[in-house]
Amino acid sequence: MARIVMKFGGTSVADLDRIRNVAARVKREVAAGNEVAVVVSAMAGVTNQLVAWCQALSPLHDAREYDAVVATGEQVTAGLLAIALQDIGVEARSWQGWQIPVATDDAHGKARIERIDGEELVRRMGIGQVAVVTGFQGIGPDRRITTLGRGGSDTSAVALAAALGADRCDIYTDVDGVYTTDPRVVAKARKLAKIAYEEMLELASVGAKVLQTRSVELAMKQRVRVQVLSSFEDVPGTLMVDEDEIVEKQLVTGIAYARDEAKITMRRVPDRPGVAAAIFGPLAAEGINVDMIVQNIGADGTTDLTFTVGKADLARAHAALDAGRAQIGYAEYTTDANVAKISVVGVGMRSHAGVANTMFRTLAEKSINIQVISTSEIKVSVLVAADYTELAVRALHTAYGLDAA
Ligand code: ADP
Ligand code: ASP
Ligand code: MG
């Protein structure tokens with residue numbers, strides 16, 4: 001007997017037939033004698049619709065009301081799955097974040113889980129009741145509903161697995177594992193039987209949305225055994241493991257892309273101490289994450305500065321920069337949302353040079369212009385025009401020898 005958390009993403013609960021399919025999978029685990037908690041996402045497309053409605057009414061909407069709206073999708077699927085389970089003779093009940101409770105901080109729209117009280121769930125699982133838990137949501141110190149950022153149900157699942165002391169956390173999705181790159185973009189992508197926590201963390205943080213970054217961070221810290229599996233097929237998935245459990249180390253393990261950033265270029269910024277702080281301080285105060293940054297040195301005492309922010313934060317970034325104009329003293333700024341960030345990731349980079357060079361050469365051969373570059377110990381990222389995303393990912397996948405035979 002094991003205690004397990006099963007998480008099902010939006011495509012896996014997209015309609016009633018799929019919810020029945022999920023119920024059947026849950027029943028199998030229960031029948032095998034396991035204690036089961038299930039975490040569900042909203043039906044595919046629902047969260048996007050809810051976000052779009054908030055945006056349409058007001059781009060600078062109140063984040064607490066945004067959470068009140070977007071958290072509803074998960075409430076529907078949790079209730080429906082509990083009904084589907086009861087219908088096939090499995091005892092189940094739905095749980096919303098506030099009922100457990102899943103306590104988060106007060107960062108509405110991108111809250112972090114601080115504590116989960118798993119006691120009552122454990123007690124009920126012990127008497128054979130399946131807990132069907134809404135992913136993506138919690139309750140803040142202001143006693144209002146919070147959400148965990150897009151893709152946050154993965155994090156709900158891993159955090160719940162840690163809180164319940166679960167033996168494993170199985171993430172069921174619409175692909176059958178973690179691949180060398182998005183299998184929907186590169187047909188020759190290869191499924192990885194295992195991936196190191198750190199590589200998965202880096203891949204997720206640069207755009208491989210198969211797992212939310214925070215979920216990987218938590219799994220690594222709390223030693224949760226996470227597997228990524230298909231909701232639709234019974235085939236082995238991908239297991240996250242420690243680096244030393246991977247025998248054949250590749251130089252590059254995976255390639256990811258992200259189209260959710262926008263580039264901001266500030267021109268003729270005074271080249272003096274304190275200017276970066278004057279620009280990035282107010283952005284940080286607004287909770288806006290700045291990702292890639294480059295600065296060009298001008299000859300006339302001014303400089304141009306380029307950086308990226310999430311597209312979802314663009315309106316607020318504009319407001320912060322406009323408000324800070326006198327203090328910063330720039331001539332103008334332009335924004336370009338038509339960009340994509342392409343990243344190559346691999347722990348092998350720690351000990352081998354030349355990874356970045358292969359990237360630059362490959363992109364040059366395809367005449368793809370690099371706008372911004374950033375690196376970390378196990379990653380190289382470049383910003384390119386969005387139209388080249390697929391071409392760049394495919395060319396790099398081949399260049400690093402990742403194509404399936
Ligand atoms: P869910 O709704 O189940 O959470 P997501 O859409 O959030 O599913 O994540 C699964 C998707 O992640 C896949 O459909 C795939 O297109 C995408 N993806 C991106 N990079 C990868 C990768 N390296 N391996 C597998 N899937 C990836
Ligand atoms: N429904 C939420 C989203 O679409 C959370 C999730 O699916 O993980 O972002
Ligand atoms: Mg997801």
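Brief remarks follow.
- Restricted to the stretch 313-405, the set of strands (runs of 3 or more DSSP E) holding at least 2 residues that are more than 30 Å from residue 54 (Cβ to Cβ) comprises 339-345, 372-376, 379-385.
- Subset of the stretch 183-218 [surrounded by fewer than 20 Cβ atoms within 10 Å (Cβ to Cβ) and within 14 Å of ligand 3 (Cβ to nearest atom)]: 184, 209
- When 259, 184, 190, 225 are checked against the criterion of being basic (Lys, Arg), within 9 Å of ligand 1 (Cβ to nearest atom) and over 21 Å from residue 74 (Cβ atoms), a single residue qualifies: 184.
- Comparison of 52, 131, 84 shows that the only residue that is away from ligand 1 (no atom under 16 Å from the Cβ), closer than 27 Å to residue 287 by Cβ, modelled with pLDDT of 95 or more and not in a loop (DSSP other than H, G, I, E, B) is 52.
- Those residues of the stretch 55-81 which are free of Cβ contacts under 8 Å to residues at least 12 places away in the same chain and either touching an Asp or Glu at 6+ places or on another chain (Cβ under 7 Å) or in a helix (DSSP H, G or I) (or both), in sequence order: 55, 56, 57, 65
- For the stretch 228-256, the set of residues classified as more than 14 Å from ligand 1 (Cβ to nearest atom) and not hydrophobic (A, V, I, L, M, F, W, C) consists of 234, 236, 242, 243, 244, 245, 248, 249, listed by residue number.
- Output for the stretch 141-159, where each listed residue is more than 16 Å from ligand 1 (Cβ to nearest atom) and either touching a residue at least 60 places away in the same chain (Cβ under 8 Å) or polar (S, T, N, Q) (or both): 142, 144, 145, 146
- Taken together, the residues in the stretch 220-246 that are buried (at least 18 other Cβ atoms within 10 Å of the Cβ) and acidic (Asp, Glu) amount to 0.
- Here 92, 63, 82, 56 are screened, and the one residue that is away from ligand 2 (no atom under 14 Å from the Cβ), of a type in the set (A, V, I, L, M, F, W, C) and in contact with a Lys or Arg (Cβ under 7 Å, 6 or more places away or on another chain) is 82.
- Selected residue [part of a loop (DSSP other than H, G, I, E, B), within 15 Å of the chain's Cα centre (by Cα) and not aliphatic (A, V, I, L, M)] from 207, 177: 207
- Verdict on residue 258 being touching a Ser or Thr at 6+ places or on another chain (Cβ under 9 Å), aliphatic (A, V, I, L, M) and closer than 30 Å to residue 116 by Cα: no
- Residue 172, sole failed condition from (1) in contact with a His (Cβ under 7 Å, 6 or more places away or on another chain); (2) within 9 Å of ligand 1 (Cβ to nearest atom): (1)
- Evaluation of residue 186 against the conditions (1) in contact (Cβ under 8 Å) with a residue 40 or more places away in the chain; (2) assigned to a loop (DSSP other than H, G, I, E, B); (3) within 27 Å of residue 26 (Cβ to Cβ) shows that the sole unmet condition is (3).
The values are calculated or read from the model by the stated rules, or taken from the named source; none is laboratory data. Note that the structure is predicted; figures quoted are calculated from it, not measured. Heads up, the Cβs are rebuilt from the backbone with ideal geometry, glycines too, and the neighbour counts pull from every protein chain shown.
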